[in-house]
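Participant: Pasting in a structure now, in structure tokens, and then I'll have a few things to ask.
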Amino acid sequence: MQNPAAEISVLAGGDCGPVHGPKDGFPIERYSELVRPVLARADMRFVNCMRTYSTRPVANERAPQVGQTPAMAQIFSDCAFDAVTMANNHTYDNGPDAMLDTRTYLQSRGIAVTGVGRDLAEACQPAIIERQGVKVGYLGACSVCSQGSEAGVNKPGVAPLRVKTAYDPRGPNAPVRVLTEPVASDLARLLEDVRQLRKQVDVVIVALHFGLLRIPRVISDYQVTAARACIDAGADLIVGHSPHVPKAIEVYKGKAIFYSLGVFCMTRTGSAGDWHEPPWVQGAIGNYAELDPDYPFMPYGRDSTKSLLAKAVVSKAGVKRVSFLPMKIDTLYRPEVLRASDARFDEIRQYMDWASRGFNHRFIVEGDEIVVTGQ
């Protein structure tokens, strides 16, 4: 029976996919042991699935960590996630079979999937979850997909939101300005998907895998354009991921945009090769993005151990309240939701205020949550 006055809570996390398992001394159930009690109190739980789980992956030397056995997907069941987005840059790394195997496997465990499919139409299908008569739609798209991974007519792949890039050199003594905008046809398709989903549900959440990797604070032009356009089309909340660090929160027309939630739970072996390229060695690594020697299996930069759970209280009338729960990932790679009495809670609040400068936002501590409002 529907309850018109029912209010339900929704939690959304960022990038998920640890690769170290029991054979490495990391029991899978331990990854989620600190965060599970908080997740269990929510009515709905969403996250971004960054790995593939299949017995038939195609080898990928660039990202060997991506292809995992189905047993490693246990974390999604342990956390009782209701839906995942697979619209990200790693979903296609092991080929279409491993990608579709993952989709099927998660669905067989009662976890809805958005963002990938056997063709573009299926990849653009939302996950719709209902609790107490309140319907929430979760829709995924990816701006950082590898070339060839985008879904098409009769082609498996990822729901794409590709980007056009141009450069304004501004002379030899000024930093180059990078100009970015969404590919018009991709954005138009995404906005139509949002409009159609708006007709089916009470709340629309769009999960965008986008943004500059590992660098704190910097938000690209296309992200602002795409996120705001989704809200104009009818989205109620935007949750971003991909950079592996938390980034700005913006309130646009009364609705919250999380440009990056950061890592929910991730490990990998070895550091990405681009850390050794001159732009990183001479610039980014000296600019807030040094690797943390205490986290050898999380080589995403020091700020990657800070993380957020986005929380929304919703009803059939829409979103009533948006907040975030600060998290810290410990040296066993376990996300821990912090209480307001913990000094790290305020550290992350201050960090998010710094990261959100220039965007309309106001943060108010209420209990162990940080409520997001506009100025």
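The values are calculated or read from the model by the stated rules, or taken from the named source; none is laboratory data. Note that the structure is predicted; figures quoted are calculated from it, not measured. Cβ atoms come from the backbone with ideal geometry, glycine included; neighbour counts cover every protein chain shown. SASA here: full protein model, heavy atoms, side chains in, ligands and nucleic acids out. Shrake-Rupley method; radii C 1.70, N 1.55, O 1.52, S 1.80 Å.
Participant: Less than 12 Å apart at the alpha-carbon level, and either on another chain or at least 8 residues along: which aspartates and glutamates does that give for LYS328?
Facilitator: Straight-line reach from LYS328, under 12 Å: ASP303, GLU336, ASP342, ASP346, GLU347.
Participant: Shifting gears a bit: Along the charge dipole of the chain, pointing to its positive end and built from +1/-1 on Cβ of Lys, Arg, Asp and Glu, which listed residue (LEU308, SER9, LEU161) has its Cα farthest out?
Facilitator: SER9
Participant: Tally the DSSP beta bridges in the chain and give the antiparallel ones as a percent, rounded to 5.
Facilitator: Close to 55 percent.
Participant: Please list 67-75, 99-107, 156-164 highest first by mean number of surrounding beta-carbon atoms within 10 Å per residue.
Facilitator: The most tightly packed comes first, giving 156-164, 99-107, 67-75.
Participant: Counting each pair of different Cα atoms once, what's the Kirkwood radius of region 115-233 in Å, rounded to one decimal?
Facilitator: 15.5 Å
Participant: Taking a 26 Å limit on the Cα-Cα distance, which of the listed pairs LYS253/LYS316; LYS155/LYS306; LYS164/LYS306 fall beyond it?
Facilitator: Table pairs above 26 Å Cα-Cα are LYS155/LYS306; LYS164/LYS306.
Participant: Would you tell me the accessible area of CYS124, worked out with a 1.4 angstrom probe on the heavy atoms of the protein chains, in Å² to the nearest 10?
Facilitator: It works out to around 20 Å².
Participant: Under 13 Å from the Cα of LYS135, which aspartates and glutamates turn up, not counting those fewer than eight places away in the same chain?
Facilitator: Excluding near neighbours in sequence, the set is GLU7, ASP43, ASP82, ASP202, ASP236.
Participant: Quick check on the chain: helices-only [θ] at 222 nm, where DSSP H runs of length 4 and up contribute -39,500 (n - 2.57) each and the sum goes over total residues. Nearest 500, please.
Facilitator: -6000 deg cm²/dmol
Participant: Please give, to one decimal in nm, the separation of the simple spin-label points placed at GLN107 and THR225, each 7 Å out from Cα toward the Cβ.
Facilitator: Result for the modelled spin labels: 3.4 nm.
Participant: Another question about this same structure. Charges at C-beta only: +1 for Lys and Arg, -1 for Asp and Glu. How large is the resulting dipole of region 15-158 about its Cα centre, in Debye rounded to 20?
Facilitator: 180 debye
Participant: Sticking with this one: How high is the relative contact order of the chain? Use alpha-carbon pairs under 8 Å, at least six apart in sequence, and give a whole percent.
Facilitator: In percent, rounded to a whole number, it is 16.
Participant: Here is a follow-up. What is the distance in Å between the Cα centres of region 151-230 and region 103-136?
Facilitator: 21 Å
Participant: Magnitude of the Cβ-charge dipole of the chain, K/R +1 and D/E -1, about the Cα centre, nearest 20 debye?
Facilitator: 600 debye
Participant: So for the chain, taking the charge dipole from beta-carbon charges (+1 Lys/Arg, -1 Asp/Glu), which of LEU261, GLY25, MET99 sits furthest toward the positive end?
Facilitator: The listed residue farthest towards the positive side: LEU261.
Participant: Then there is this: With the chain treated as a Gaussian network of Cα nodes joined by springs under 10 Å, which of LEU39, LEU213, LEU11 yields the largest mean-square fluctuation?
Facilitator: So, out of LEU39, LEU213, LEU11, the one fluctuating most is LEU213.
Participant: Kindly report the accessible area of the chain per residue (heavy atoms of protein chains, probe 1.4 Å, no ligands, DNA or RNA), in Å².
Facilitator: Accessible area per residue: 40 Å².
Participant: Here is a follow-up. Carbon-plus-sulfur fraction of the accessible area of the chain, 1.4 Å probe, in percent?
Facilitator: Of the solvent-accessible surface of the chain, carbon and sulfur hold 51 percent.
Participant: If you scale each eigenvalue of the Cα gyration tensor by 5 and take the root, what three semi-axes come out for region 1-146, rounded to whole angstrom and sorted largest first?
Facilitator: 27, 20, 11
Participant: Two decimals, Cα atoms only, Kirkwood Rh: what is Rg/Rh over the chain?
Facilitator: Across the chain, the Cα-based Rg/Rh ratio is 0.94.
Participant: Would you work out which of ALA71, GLY110, SER146 lies farthest towards the positive end of the dipole of region 58-193, given +1 charges on the beta-carbon of Lys and Arg and -1 on that of Asp and Glu, about the Cα centre?
Facilitator: Among ALA71, GLY110, SER146, the one farthest towards the positive end of the dipole of region 58-193 is SER146.
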